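Trainee: Just dropping this structure here.
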Amino acid sequence: MPHFLVIGESVADIVRTPGRPDLAHPGGSPANVAYGLARLDHPTALLTQLGPDPAGELIGGRLRAAGVELLTDGRPAEVSTPTAIVSLDERGRASYTFDIRWSLAPVAHPAAGVTHLHFGSIAALLAPGAAATLDLVARLRAGATVSYDPNIRPALLDRPAEVRARVERCVALSDLVKASDEDLGWLYPDDSPDQVAERWLALGPRWSW
């Protein structure tokens, strides 16, 4: 059984340039964490959603080659692999189009052997799958440490005031929280990073940076 369990989305980043074939790159913040842990020889499993499509084959192949154990909610035929299209114009300026859904169904996962759980990004905030994600985190945290990375994607979310409560619920379930300046600036435009850290630490984590 893996020592590390990561819960979250896998995303194919597709770079589209005029006059050139599309170029797909495996991505997704949680998938990248799982990939990095496995490359460091840590037994790692990723609970994610990959469809029976070329993007799913690309991402799944990369993760398995690194040694990641792929877990799903048992509905691969009903989901498509999330994609983020990065369109570059003649001057190299980028625009983004997201086709990302997170519909993780409630899942049962054995806690034996899992000593650390990582979650975050779209999977922790995007309905309807976010509810299943947080339910699993709440069930497993009694026997494992938990880390959380908000990795905010404003184009896929509601207004900051509505997202803050969800983020703070995730923070309260965690031992370690990592956030970027961009995350904090979008969620708390009127607060300094130190003020946000104090607020989050009061919710329960032992570390926040």
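The values are calculated or read from the model by the stated rules, or taken from the named source; none is laboratory data. Everything quoted here is computed from the prediction, not taken from an experiment. With ideal geometry, Cβ positions are generated from the backbone for all residues, glycine too; neighbour counts draw on all protein chains shown. Surface areas here come from the heavy atoms of the whole protein model, side chains and all, with no ligands, DNA or RNA. Shrake-Rupley method; radii C 1.70, N 1.55, O 1.52, S 1.80 Å.
Trainee: Take peptides 57-68, 156-167 and line them up by average Cβ neighbours within 10 Å, highest first, as a rough protection proxy.
Mentor: Highest-to-lowest ranking by the protection proxy: 57-68, 156-167.
Trainee: Quick check: pseudo-label points 7 Å beyond the Cα along Cα→Cβ at Ala65 and Asp41, how many nm apart are they?
Mentor: Rounded to a tenth, the inter-label distance reads 2.1 nm.
Trainee: Next question. On full extension of the chain, what length is gained from Ala131 through Leu157, given 0.36 nm per residue of separation minus the C-alpha to C-alpha distance?
Mentor: 7.9 nm
Trainee: Further question: Listed highest first by mean packing, meaning other Cβ atoms within 10 Å per residue, what order do 190-198, 135-143, 87-95, 43-51 come in?
Mentor: 43-51, 135-143, 190-198, 87-95
Trainee: Report the convex hull volume per residue for region 51-112, counting only C-alpha atoms, in Å³.
Mentor: Output value, Cα hull per residue: 128 Å³.
Trainee: Could you work out the relative contact order of region 62-101, using alpha carbon pairs under 8 angstrom and six or more residues apart, expressed as a whole percent?
Mentor: Rounded, it is 30 percent for region 62-101.
Trainee: Further question: Hey, rough spin-label estimate for Thr115 and Thr145, points 7 angstrom out along Cα→Cβ, what's it come to in nanometres?
Mentor: 1.0 nm
Trainee: Within the accessible area of the chain, what % is carbon and sulfur when the probe is 1.4 Å and the other protein chains stay in place?
Mentor: Roughly 54 percent, rounded to a whole number.
Trainee: Give me the Kirkwood hydrodynamic radius of region 112-209 in Å, from all C-alpha pairs, to one decimal place?
Mentor: It is 13.5 Å.
Trainee: So what is the relative contact order for the chain, in percent, with contacts set as C-alpha pairs under 8 Å and at least six apart?
Mentor: Relative contact order, the chain: 18 percent.
Trainee: So, one more: Heavy-atom accessible area per residue, the chain, 1.4 Å probe: how many Å²?
Mentor: 50 Å²
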